[in-house]
Every structure is written in C-alpha cells, then in structure tokens.
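The structure appears right after this line, and notes come after that.
The values are calculated or read from the model by the stated rules, or taken from the named source; none is laboratory data. All of these numbers come straight from a predicted model, not from anything done at the bench. No Cβ is skipped: glycine too gets one built from the backbone with ideal geometry, and neighbour counts run over all protein chains shown.
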Amino acid sequence: MARSNDEVAALLQEYADLISITGGDAFRARVYEKAARAVGGHHADVSTLDLKGLQEIPNVGKSIAQKVREYVDSGSVSAVEELRARIPAGVRRLTAIPTLGPKKAMAVYEELGISSVDELADAIHEERLRDLKGFGPKTEENILHGIELLRSSGGRVRLDVATGLAEDIVAALSAVPGCERCTYAGSLRRGRETIGDIDILVASRKPAPIMRAFTELPYVTEVIGTGDKKTSVRTGKGLNVDLRVVPTDSWGAALQYFTGSKVHNIRTRERAVHQKLKLSEYGLFDVESGDKIVSETEEEVYERLGLPWIPPALREDRGEIEAGLRGALPDLVTEADLRGDLHTHTDLTDGLAPLEEMAEAAAARGYAYYAITDHAPDLAMQRMTDERMLAQRARVRELDGTYPTRGRRGGLRLLHGTELNIGPDGRVDWPDEFLAGFDLCVASVHSHFNQGREALTRRLVRACENPYVNIIGHPTTRLIGRRPGIDADLDAVFAACARTGTALEVNAHPDRLDLRDEDILRARRHGVRFAVNSDAHAVPHLANMRYGIATARRGWLTAEDVINTWPERRLRAFLRKTKP
DNA sequence: GCCGTTTTCGGCCCGACTGTTTTCAGTCG
C-alpha cells in the first residue's frame, strides 16, 4: 500500500493533466501540479491532517485542502470524477507519447474519437490525422516514431550507466578545438537514481564544430533536432542526450539553468521576478534596462538572488530555498569524508575476490577501517558454517593493521562482521552468544517480501531491537526498475532505529540505492544514523560508493549523520549499541 | 487555484526548436 501522500499526489497530478487536456486554465493546472509535488514530499501523512494542517503545505489552499479531505474521507473527489467522465483514461495516456502533448491529445479525441495509443497508431496508418488543423504528414511521422519509442524503451537508465556515457561524451567534446568548457548538468549532476536523458553543456564561441562532433559520436543512432544553440540525439542505449552551447561568459547562468531541477528553476526565477530581474540561461538581467548583472558563475547568480550557492543534490524544491535564506543549508557529506566501508563480501560466500584482495583495494582507497560482512547460514545457498566464519575471523585478525593506507598512521583496521538474514519473524541466523563475537552485524531482508504490511513492519522493528544488529542493510530491498520496495511502515522502522541505536544503510549499488533519497529525508527527521556502504561483491564495486554518497547528499545528510565517516573509536562505541 | 519586502487582485519562468503556419502554437526541458 502506498503512503496516502503518494496516492493524493497522483490524484492531484491526474487532475492537473485533465485540466490541461480539457483546455482549462493553464495556471490552475500548474497549481495542482505544484500541490501534487508538495503533498508527495510532505513529511506528515496527509490522512492524519485536518483542513488547517493541510493548508500549511505549500501551494495547498482552501480548495485543494478540501479535495484532499474529500479523498481521505470518501476515497474519491467529485471534481476529479467529473473530468474523468469527460475524458477517457486512454486520452491522458496519449500525452506520454513524445511530441504529443495535451492539446494534440484533445484534438485527436474530439475530432476523431481516438482514446488509446493503438487507435492513434491505426489512424496514422490510415493518414487520417493529417487533415486535422495543425497536423500534417510530419506530425504523423513524429507521433508514430514517438509511439515506437514509448513501446520499446520506457526510458530511464541507471545512474552508473548514464555517468559512464556522460563522462565519455564530455571527454570527447572537450578535445574539440574551440571547446572552452564542457561538463554534464541536469539530473545527472544532481545525482538522481535514474536518468531520463543526459544534458551536456559547452562554452564556446564557435558552436558548429562542436555540434558536428557531437552528432558524429559513435553511439549516436539518431539526430532528433539540431540548431546552433542546441542539438538533441538518441543513443544506442536508448538514452537521449541534449547538448547546449553557450557563450563562455554565460557559463554560470547556463550551468545553473541546465542543472535544474525544473521546479528549483521555477523557484529561483520567481525570486528573480520579485526583484525586477530576469533569469535565463544567459544571465541575470535587469528587466527595465535589459542590462546583464551577473552570469559567469553559479555563485554570483545565487548571491544576487539573496541565496548561498546551493549544491546540485539539493535542487529539488524540497526546502533548499528556504534553508538557504535562513543560512541553514546542510554541509553535505562527501566521498572524501568516508573513513571506511561497513558492508562487503568475499569469495567465502557470493563475492568474487578473496579477503586479501578486497582489503588491499580498500586500503588503496585510503580507508581507515573496513568491514568484511559475508552472508550467514540462513541463506542456505551460501553454505556458511560456524567453523568457516570463525576461520575467516582468525584470518581477519591476522591481517588487521597490515595493509598500509595512505595518509593514515598504522594500517587498515579490519572489522569482522556478517550480513545476517532477517527471517520472516524478524529473527536472525545465529544466537546471541555467537553474534557477540562479531565486531558488527548488518541485517537484511532477502526473501518473503510479500508478507503483509504489519508483519513486515514487525519483522524490521524486531531486527532493530536485536542488541547485536547494528545496521539494517538495503532496508526496502527494492531493485530499481525491477522490484518495488517492501510495503512496511517505514516511519515505524525509522523510529525503532532511532530508539535502538541501529543505523540504516544507504546501499550504494546502482541497482539498489536503498534507502532512497526521499526515505532518507524522512528517516533523518527521526534522528536516525546512516551507513553508506558499497555492498561490494568484487573489487570494482568498492567504487560504487560515489553513487551512495550522491544519494545520501540528496537526502541532505552531513558527515555527522553517517557513521562510517566517524573516527574508529567513535564508530566502535556506536557499534556497542545498548549493550553493557 | 494560490499567493503577497509592490499586492487580498492580478499576476503566475524562460527560451529553443519544429511544423504548421503567413505570424504562431505546441512541446519540451
């Protein structure tokens, strides 16, 4: 079951879409969109709020608050039902087709009675669309192509895939003569968990050679559009890449603009308007005189708007503008803050590399400490026994402090741990006496994902209450794009973590990124501590930490919030939990 | 429909590109 907030947000978004499709007031539609986002991101459950409490949510006024109450009380909203009755659900789905927006969707429905993607494809094959006003052969072709894209991909790729491609493109374009600066922006710079398309920004006085080099890159399969300021392509990975070329003195304004997010940009531009200024990708301008005020760096742009520079990870309109105005932006954790990794595997279970290689690679990363946490016996396929685990522990003790780690006195401190399995009833693999021998225990759910909400919640809370469980590993077990997170009452779990001194993992594997940014934000309000871990099963996986840190930053975490940035003594004290 | 260091009414982010247009609407980010 989704949180009430998510259901209400989806309903408000649907209402906004229906207003747009029916040609309603565009500003009114936008307000519903803004309210949908605000409700989705609100910390308190809307089903527990009265009208007054609801109206404290930004962009929720009397009218929308009443609709939310109506939904919570009765399960539906009459105003939404009225529009649903006028517009078949299929018409709304048409707007998911690239190049087909609300206006065209309404036109094909009203003129031709089309209310599904299949009917639309048929109509195009029969050349019936081109007779409509504003439609022509090219429009038909574009829509048909859009339908193919919609059916084939569906869109977003993993953060690591997009990062790799973007870094290749930046390297290639940086080598083109006349390219003065080049970087990626957009959701990738903000570190979102999946990427819909890549935005590349170049500063240059001569765009043509850059645009040409861009369209000739080997992985480009199609050029969608091209001008002297902007070019868009599709790549073999099903990922679109947009390239914008701006004058060098516009770099800061352009970087700010193309980093987004859209909602953050709207907020910053609104601030500009209130100061009789205009903010675009070319700079911050005085409206009356047209004079450019600043444009060279992001810092100048924000400063002139009365704001400190805001880290890209925070630019989602989740309170960063208000925090900036109060001087209360968090000092976000960085990869350099990390002193160790607290969840890793070796070839004793399902890892690929032996303990020695993993430890050596960890030392090379400059860590001060490193935990080996192989699987415990309840994951039967891992064939773990007490003897094998104790033999590994003896080897860990031998190797402790023997790997020189740069910039630190003494060698890499090795911690011997395990990744326990949280059983259906919340119990873990070993009895307390055996668990007491570990330096730390991660505990994770690996099966029985579909127990009811109450059972799953109890299960996780019970794991937190185990005095030997230090970290809940990949807390929701979601796999991005493949498996949803378990349906537990996460707020209850977060409260249990805070109460028992159990940390929540931010699993850095790009398939997981679990907890996700929004859940981190909620957990943080409970006073929970976090561990950003690679869950490495091979040496190269240790470097996935960058994605975990990106996610932690999106969750507003500081080094203080993350236990594996702490000095070893403080970490070990935390791991003693509530035990005497 | 929401909101207010101009305002309780009158605003509401800005520009690039495309395809259809004889000067602009729609879509996208």
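Annotations
- Check on A:Ala105, assigned by TED's automatic domain parsing to the domain that holds A:Asp199, among the aliphatic types (A, V, I, L, M) and within 13 Å of DNA strand B (Cβ to nearest atom): no
- The residues of segment A:199-229 that are modelled with pLDDT under 95 and in a strand (DSSP E or B), listed by number, are A:Val220, A:Thr221, A:Glu222, A:Val223, A:Ile224, A:Gly225, A:Thr226.
- Conditions (1) touching a residue at least 40 places away in the same chain (Cβ under 8 Å); (2) among the hydrophobic types (A, V, I, L, M, F, W, C); (3) away from DNA strand B (no atom under 14 Å from the Cβ); number of the one not met by A:Ala10: (1)
- The residue that is surrounded by the most Cβ atoms within 10 Å (Cβ to Cβ), among those in segment A:126-161 that are in a helix (DSSP H, G or I) and charged (D, E, K, R), is A:Glu140.
- Any hit, segment A:81-91, residues being more than 13 Å from DNA strand B (Cβ to nearest atom), in a loop (DSSP other than H, G, I, E, B) and either without any contact (Cβ under 8 Å) to a residue 60 or more places away in the chain or under 30 Å from A:Arg267 (Cα atoms) (or both): yes
So that you can scan it fast, the table gives a plain yes or no per residue for (1) within 14 Å of DNA strand B (Cβ to nearest atom); (2) free of Cβ contacts under 8 Å to residues at least 40 places away in the same chain; (3) outside any loop (DSSP other than H, G, I, E, B):
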{"residue": "A:Ser76", "(1), (2), (3)": "no, yes, no"}
{"residue": "A:Ala79", "(1), (2), (3)": "yes, no, yes"}
{"residue": "A:Arg93", "(1), (2), (3)": "yes, yes, yes"}
{"residue": "A:Ile97", "(1), (2), (3)": "yes, no, no"}
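- Taking the criterion of being near DNA strand B (Cβ under 10 Å from one of its atoms) and not in a helix (DSSP H, G or I), the residues of segment A:26-66 that qualify are A:Glu56, A:Ile57, A:Pro58, A:Asn59, A:Val60, A:Gly61.
- Candidate set from segment A:114-166 (those that are away from DNA strand B (no atom under 15 Å from the Cβ) and of a type in the set (A, V, I, L, M)); member that is nearest to A:Val91 (Cα to Cα): A:Ala121
- In segment A:224-234, residue farthest from DNA strand B (Cβ to nearest atom) [restricted to those that are crowded, with 16+ Cβ neighbours inside 10 Å and within 19 Å of A:Ser174 (Cα to Cα)]: A:Val233
- Filtering segment A:210-223 to residues that are more than 9 Å from DNA strand B (Cβ to nearest atom) and surrounded by 14 or more Cβ atoms within 10 Å (Cβ to Cβ) leaves A:Ile210, A:Ala213, A:Phe214, A:Thr215, A:Leu217, A:Tyr219, A:Val220.
- On inspection, A:Thr259 qualifies as among the hydroxyl-bearing types (Ser, Thr, Tyr), at pLDDT 95 or above and under 29 Å from A:Gly481 (Cβ atoms).
- Scope segment A:252-291; condition more than 11 Å from DNA strand B (Cβ to nearest atom), free of Cβ contacts under 8 Å to residues at least 40 places away in the same chain and outside any loop (DSSP other than H, G, I, E, B); matching residues: A:Asp286
- Condition met for A:Gly164 (assigned by TED's automatic domain parsing to the domain that holds A:Val233, within 19 Å of the chain's Cα centre (by Cα) and not in a strand (DSSP E or B)): yes
- Pairs linking a residue in segment A:101-125 that is in contact (Cβ under 8 Å) with a residue 24 or more places away in the chain and surrounded by 14 or more Cβ atoms within 10 Å (Cβ to Cβ) to a residue that is among the basic types (Lys, Arg) and assigned to a helix (DSSP H, G or I), with Cβ atoms under 7 Å and 6 or more positions apart or on different chains, are A:Val117/A:Arg93.
- Of residues in segment A:172-198 being part of a helix (DSSP H, G or I) and touching a residue at least 12 places away in the same chain (Cβ under 8 Å), the one surrounded by the fewest Cβ atoms within 10 Å (Cβ to Cβ): A:Ala172
- Among (1) near DNA strand B (Cβ under 8 Å from one of its atoms); (2) outside the structural domain of A:Ala208 (by TED's automatic domain parsing); (3) of a type outside the set (Val, Ile, Thr), the one test that A:Glu296 misses: (1)
- Members of segment A:288-313 that are closer than 12 Å to A:Trp556 by Cβ and in contact with a Phe, Trp or Tyr (Cβ under 7 Å, 6 or more places away or on another chain): A:Ile310
- Within segment A:268-293, the residues that satisfy the criterion of being in contact with a helix residue (DSSP H, G or I) (Cβ under 6 Å, 6 or more places away or on another chain) and surrounded by 19 or more Cβ atoms within 10 Å (Cβ to Cβ) are A:Leu279, A:Gly283, A:Leu284.
- Taken over segment A:235-272, the residue count meeting the criterion of being within 20 Å of the chain's Cα centre (by Cα) and of a type in the set (Gly, Ala, Ser) is 3.
- When A:Ala353, A:Ala361 are screened for being assigned to a helix (DSSP H, G or I), surrounded by 17 or more Cβ atoms within 10 Å (Cβ to Cβ) and in contact with a helix residue (DSSP H, G or I) (Cβ under 6 Å, 6 or more places away or on another chain), only A:Ala361 passes.
- Residue within segment A:542-562 that is small (Gly, Ala, Ser) and not in a helix (DSSP H, G or I) present: yes
- Options A:Glu316, A:Glu300, A:Glu296: the member that is assigned to a helix (DSSP H, G or I) and either at pLDDT 90 or above or surrounded by 18 or more Cβ atoms within 10 Å (Cβ to Cβ) (or both): A:Glu300
- Evaluating A:Asp242 against the criteria (1) more than 7 Å from DNA strand B (Cβ to nearest atom); (2) at pLDDT 90 or above; (3) assigned to a strand (DSSP E or B) leaves one unmet condition, (1).
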